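These notes are about the structure you will find just below.
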Amino acid sequence: MDKDIDGGVEAVETSPEPQVAALIQQHAHRAVSECVASGMHRAMRATPLPSGYRE
């Protein structure tokens, strides 16, 4: 679910699966936030899996 907010868009992503929820949180905190702060070159790097993630 996305909604427009002042200065951008708020996206809500959820999962009942704990491993998927951990991936969503890692992506938001590491990939998206770092890309916003550092620029597009950050998007070209892999994001590490969250601590404790089981494939």
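Readers should treat all values here as calculations from the given coordinates under stated rules, not as data from a laboratory. Source: prediction; values computed, not measured.
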Read phi for every residue in region 2-7 and hand back ³J(HN,Hα) as whole Hz from Karplus 6.51 cos²θ - 1.76 cosθ + 1.60, θ = phi - 60°, with x for Gly and Pro.
10, 8, 6, 9, 4, x
Sequence order, region 20-30: Karplus ³J(HN,Hα) from phi using 6.51 cos²θ - 1.76 cosθ + 1.60, θ = phi - 60°, Hz rounded, Gly and Pro as x, gives 5, 4, 4, 5, 4, 5, 4, 4, 5, 6, 8
The chain: C-alpha gyration tensor shape, a/c 1.5 cut-off, then a/b vs b/c
oblate
